[in-house]
Amino acid sequence: MSTDNFTLMKYGLGGMIKSTITPLLHHLNSSISLPSDSSNCTKNDGFKYPLYSTVFSLVFMVGLITNVAAMYIFSCSLKLRNETTTYMMNLVVSDLLFVFTLPLRVFYFINQDWPFGGVLCKLSVSLFYTNMYGSILFLTCISVDRFLAIVHPFRSRALRTKRNAKIVCVTVWVLVLAGSLPTGFKLETTSPQNNHSAARFCFENFSSTQWKSHLSKMVIFIETVGFLIPLLLNVVCSVMVLQTLRRPQTISRGGKLNKTKILRMIVVHLFIFCFCFIPYNVNLVFYALVRTRTLKGCTVETVVRTIYPIALCIAVSNCCFDPIIYYFTSETIQNSIKRKSTVSQAYDIKFSEALQSETSSNYRCSLRTLKDKVFNNTESSV
């Protein structure tokens with residue numbers, strides 16, 4: 001065999017092997033999905049639709065009743081209004097604004113279609129963040145106000161005024177709206193889900209581009225201003241109040257300070273704050289990292305996507321828990337409720353006594369009438 005024939009045979013055999021192996025490798029590469037690429041992960045969060053529709057329906061009913069009752073007490077029943085009730089009234093307004101949008105969310109999660117237009121969708125998204133971080137900041141204002149009243153009762157008199165409380169509330173609204181309105185109104189949240197369906201989505205399915213360009217920056221802002229700083233303030237203020245209550249000079253004015261009531265107030269406040277807001281805000285950080293492709297991996301994405309709906313439902317429930325804080329925080333509200341209960345009981349007692357008196361009077365009148373008729377008939381017969 002000549003050298004030319006051997007060379008030709010060699011390259012011919014190599015070309016045959018290459019032409020056979022190369023398509024096989026391309027097929028294997030196309031069929032294998034790498035776990036580090038989260039775009040190829042299967043989404044298993046379909047359970048969120050029945051979960052959202054059920055929880056949001058309950059929150060709407062309970063939150064509407066309790067917050068309307070709280071608004072009635074603040075507006076009509078309380079004769080004495082102070083800086084604490086100012087924060088509470090703003091918190092009620094924040095809760096009610098969000099509660100009124102819940103029927104739209106329930107409709108969407110049941111039908112998985114948004115027929116109400118882009119403006120209402122963006123408004124609903126904005127009001128969700130307004131409520132959550134407005135609630136966090138107003139609860140923090142209540143905690144700081146309690147800290148000033150107990151730890152610095154004399155030096156804080158000039159600060160703890162209704163005028164300053166109104167200024168603080170306006171500042172809170174400006175901060176909250178500065179973070180929530182861009183999140184809702186700068187996004188195209190309503191568009192076809194896919195080419196084969198005319199259904200439109202809302203509250204979900206933001207693209208990775210939106211997360212990288214806008215939402216990731218907003219998460220940093222709202223997590224810092226709306227969650228981390230308020231969390232530290234709540235914890236520090238509560239610890240300082242507890243330390244103040246343990247001092248001997250505080251014990252000497254135990255007649256003015258009901259330590260059991262204050263302790264119960266702090267425990268309820270911190271429990272509701274931590275229970276409602278920590279799970280969602282911690283998970284939101286990981287959710288943003290997954291959506292911006294900073295964290296990769298199907299396992300991480302599955303865990304984050306599974307926790308997110310549960311944490312969101314817990315966060316939404318703060319509308320139902322806020323009235324509990326109103327009751328434990330404001331002694332004026334407790335006295336108002338007790339006074340109404342006492343008046344109602346006194347009215348019931350007076351009404352029953354009047355009813356018994358009227359019944360006995362009618363009974364005596366009936367006996368007298370019957371007696372007159374009997375004697376008159378007897379005299380006429382005689």
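The values are calculated or read from the model by the stated rules, or taken from the named source; none is laboratory data. Every value quoted in this text rests on a predicted model; they were computed, and no experiment measured them. Here Cβ is always computed from backbone atoms with ideal geometry, including for glycine, and neighbour counts include all displayed protein chains.
Observations on the model:
- Test: residue in segment 128-148 that is surrounded by 14 or more Cβ atoms within 10 Å (Cβ to Cβ), at pLDDT below 85 and more than 30 Å from residue 262 (Cα to Cα): no
- Output for segment 110-124, where each listed residue is crowded, with 21+ Cβ neighbours inside 10 Å and in a helix (DSSP H, G or I): 121, 124
For (1) surrounded by fewer than 14 Cβ atoms within 10 Å (Cβ to Cβ); (2) closer than 23 Å to residue 324 by Cβ; (3) not charged (D, E, K, R), each residue gets a yes or a no:
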{"site": "153", "(1), (2), (3)": "no, no, yes"}
{"site": "165", "(1), (2), (3)": "no, yes, yes"}
{"site": "171", "(1), (2), (3)": "yes, no, yes"}
{"site": "174", "(1), (2), (3)": "yes, no, yes"}
{"site": "177", "(1), (2), (3)": "no, no, yes"}
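- Any hit, segment 101-121, residues being touching a residue at least 60 places away in the same chain (Cβ under 8 Å), closer than 20 Å to residue 178 by Cα and touching a helix residue (DSSP H, G or I) at 6+ places or on another chain (Cβ under 9 Å): yes
- Each residue in segment 271-311 was checked for being over 16 Å from residue 134 (Cα atoms) and part of a helix (DSSP H, G or I), and 27 pass.
- Test result for residue 124, under 30 Å from residue 300 (Cβ atoms) and under 17 Å from the mean Cα position of the chain (by Cα): yes
- Scope segment 94-109; condition part of a loop (DSSP other than H, G, I, E, B) and buried (at least 18 other Cβ atoms within 10 Å of the Cβ); matching residues: 101
- Hits in segment 276-299 (condition: more than 19 Å from the chain's Cα centre (by Cα), without any contact (Cβ under 8 Å) to a residue 24 or more places away in the chain and buried (at least 17 other Cβ atoms within 10 Å of the Cβ)): 286, 289
- The set of residues from segment 258-294 being hydroxyl-bearing (Ser, Thr, Tyr) and over 28 Å from residue 183 (Cβ atoms) comprises just one member, 260.
- Condition broken by residue 279, with the remaining ones in (1) touching a helix residue (DSSP H, G or I) at 6+ places or on another chain (Cβ under 6 Å); (2) at pLDDT below 90 satisfied: (2)
- Candidate set from segment 165-188 (those that are touching a Gly at 6+ places or on another chain (Cβ under 7 Å) and under 18 Å from residue 284 (Cβ atoms)); member that is modelled with the lowest pLDDT: 179
- Summed over segment 209-257, residues that are among the aliphatic types (A, V, I, L, M), modelled with pLDDT under 85, over 18 Å from residue 177 (Cα atoms) and assigned to a helix (DSSP H, G or I) total 2.
- Flag for residue 84 being polar (S, T, N, Q), at pLDDT below 90, under 30 Å from residue 317 (Cβ atoms) and assigned to a helix (DSSP H, G or I): yes
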